[in-house]
Every structure is written in C-alpha cells, then in structure tokens.
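Colleague: Pasting a structure below so you can have a look.
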Amino acid sequence: MPPLRSTHHGPVLHPDLVSGLPMPSATSVANASPSSSRKGFEARLRELRNDRRNVALPGLALAYLGVAGLLVAPLWLGGLHWAWMIPVMGYLQYRVVISGHEAVHSTLAYPKSLNDSLGVVGQAMVGVNFTAYRLQHLDHHKVRNREEDPDGHIYGWVVEARPGLPRMAVLVFGTFIEILIKIYQKGTGGIGTHKKQSDKVKGKKKRDTLLVIGSQLCLIGTCWATTGWFWGYLVLWIAPLFGVAVFLNRCRIVVEHGLAQLIAQQLPGGFKEFGGLRIPTVDIVPNRLEQVIFAPYMFNYHCCHHLFMTVPHYNLPALRDLLRAHGYSGYHENHGSYLSALARCIRDPGVAARATD
C-alpha cells in the first residue's frame, strides 16, 4: 500500500485543475500518529469494502425497462420520433455497458451468482463476452504502462495526436477502429488475456459466445418485427450502440485516463506522483447532469476505483473523502466538468511528445 502522508497539505492535486477544495485540517491529521492514522484508514477502508447493498438494482431495472419499451416503440411511433429514440436507446445501452464493469468487479449486485448472471446477460445484449471482458479488464488494472494496457488504444491514440482538429478527428473517427478492436477483445471471440486459461474459464467463454450470438439473433428478430424492416436491427440497436454508447464511453475514458497523461507531465515527479496507480487516472467532479450522462455507477470517481477496485461504486464518494483526509499518495482529481476536461485533452499541446514535434 502506498504511504499515507501525515501532512495537512492533503492529497496530490494539480493546482491548475483544482481550486477552492477543502483540505484536511492541520490539527486533525498532524495530531494523529502514523500508526493510528494507518489503522484508522485501514479500518474505514474495510467498512467500505464490506458494505454490500443492492443499490444498483432499481436503476438497472429501469434501464432494461427503457430498452424494452424502445424496442417495441416502433409499433406505434415513427417519423420524427427516431430523432429522440436513437440517442435515448444509446444512452440506455451505455448504462448497460457500464453495469458490466461493476459486474466484472463483483460489485453490481449480491450475491455473486446474481451479479455474474446480470453481467453475462447484460453484456451479451451489447455484444460483449462477459468472461473475456472480465479477464481483459482486470489486465487493465494490472499493467504498468499505456503500451501494455488493453484499453490504451482508446485514450493513447487521441492524446498522442497533434492538438486541435487532428486530435478531435482521432477522437471521433477512431471510434470505428475501437469498435473493431472491441469485437476482437470482447466479442464472440474475445481474447480476454493472453495468459494461460483453465478449462473452466474456456468453458465460460464458450458459453458467453453462444449467449452473445443468441441475444443478437433475438434482437434482430425483435427489431424486424417491431419496425417492419429487415434492417431494423441496424437502426434501432446497432446505430445507437456504436454511435452513442461506444462514443460516450470513449470520451469518458479519454478524460479519465488521457487527462492523467497531461497531469503527469505537469507534476514535478511525473507518473511517480500517481503513487500506487499502475495506469494513472483522475477523479472527475462534474455537475449533476454530467454525472448522470457520463458517469453511471459513480464512474467519475475513477481514481478512487483504480486505487481500491473492490470498494463498491456507491461507497466511492466516501472513499474519496477518506483518501483526501489522509493525503493518500497517488490520488488526483479534476474539479470541473467532463466537457471542459475533454476540451483540455483535445487542445493542450503538452499531452504527449508527438504533440510537440
């Protein structure tokens, strides 16, 4: 565990990114001995990890009800209604995609059998082999640099491009390449990880492959029946999935990991100042609307999550308070909106070496 800083200066926060944030009081931290401070930290961390509640189920149920409603809506709605049905469907799909991340960490629902069932079925609907995704995503948490990161192509190619329009073009049009990579990584033939896999894991991957194929066939039939078009699946399911859900997820990742590349270059110690984080990331403190749109399941507390990935999403705000109060090494946050952070990732000339060529 990276060291706790017994100082009133609080966590590592970039001065240009955070202003006016309350720091821990000098007396509350300075008066505590290192051992008592560590014990208190670890005790509180255990509480947050062990607090298991099915907080996500009502919202997840509403998302699935919304998806079901939009799948049958073309029976009565058409014409201009497509202008709102496609983006709303994409947003609901995005919530299903993000729910899979929580299921990967076994924090979506309890008991674990329910968690994994929701993960397997939900991800099959959006074309993801859940077992392969779990393997691939845990690798994302373990690797030590962007080159090894299975998600590195998402944010790395963006921040390495020249700032301004070239970088924006990579963000937008790189979505198509990302989709192809996702199909390879997490689709029916998801690689998950190159490490040797047990027969049990291989069996689960085959099961999930069949579920992905079966769910897509069911969606093709449903969309054909409700729209009256044999290509209705492309309009009602694929267009919102790739055009809205994947792009929202892409922008979120560029902010949460791409911005960390920028911050690291501006800190005296560089990437070392991210402490225990193998892949640097930041917390985002957006307004409520942006949190609803970009960060279901408290995803904006992404630095907290990478530091302690077994803490359930609903306890990440409390974890943030704990990390800040103890000046935890490696914690960073950006006090501002997702859109402003994304704009900075696009225009800042110092994100990567290639930007200064």
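Throughout, read-outs are computed from the coordinates displayed, never taken from laboratory work. None of these values were measured; they are calculated from a predicted model. Methodologically, a virtual Cβ is constructed for each residue, glycine included, from the backbone with ideal geometry; neighbour enumeration extends over all protein chains shown.
Colleague: Two decimals is fine: what's Rg over Rh for segment 26-356, C-alpha atoms, Kirkwood radius as Rh?
Modeller: Over the Cα atoms of segment 26-356, Rg/Rh equals 0.98.
Colleague: Modelled label-to-label distance, Lys206 and Val292, 7 Å Cα→beta-carbon offset: nm?
Modeller: Calculated label separation equals 4.6 nm.
Colleague: Looking at segment 86-192, which GluC sites (Glu not before Pro) are DSSP coil and have at most 15 other C-beta atoms within 10 Å of their C-beta?
Modeller: Glu147, Glu148
Colleague: So if each residue of separation counts as 0.36 nm, and I subtract the Cα-Cα distance between His141 and Leu180, what length gain in nm does that give?
Modeller: 11.8 nm
Colleague: A further question follows. For Glu333, list long-range residues whose amide hydrogen, built 1.01 Å from N in the peptide plane, is under 5 Å from its own amide hydrogen.
Modeller: Close amide H contacts, sequence-distant or interchain: His14, Asp283.
Colleague: Among Leu259, Leu57, which comes first, second and so on when ranked by fewest other beta-carbon atoms within 10 Å?
Modeller: Taking fewest neighbouring Cβ atoms as first place, the list is Leu57, Leu259.
Colleague: Would you mind checking Lys142/Lys196; Lys39/Lys142; Lys142/Lys206; Lys39/Lys112; Lys112/Lys182 for any pair whose Cα atoms are more than 21 angstrom apart?
Modeller: From the list (Lys142/Lys196; Lys39/Lys142; Lys142/Lys206; Lys39/Lys112; Lys112/Lys182), the Cα-Cα distance tops 21 Å for Lys39/Lys142; Lys142/Lys206; Lys39/Lys112; Lys112/Lys182.
Colleague: Further question on the same structure: Quick check: pseudo-label points 7 Å beyond the Cα along Cα→Cβ at Leu234 and Ala169, how many nm apart are they?
Modeller: Rounded to a tenth, the inter-label distance reads 2.6 nm.
Colleague: To continue, here is another question. Using a Förster distance of 56 Å, how high is the FRET efficiency between Ala83 and Ala43, based on the Cβ-Cβ distance and rounded to 0.05?
Modeller: Step by step, r from the Cβ atoms, then E = 0.60.
Colleague: What's the center-to-center distance, using Cα atoms, between segment 311-346 and segment 34-77 in Å?
Modeller: About 18 Å separates the Cα centre of segment 311-346 from the one of segment 34-77.
Colleague: Something else: About the Cα centre of segment 26-356, what is the dipole size in debye to 20, counting +1 per Lys and Arg Cβ and -1 per Asp and Glu Cβ, all else neutral?
Modeller: 680
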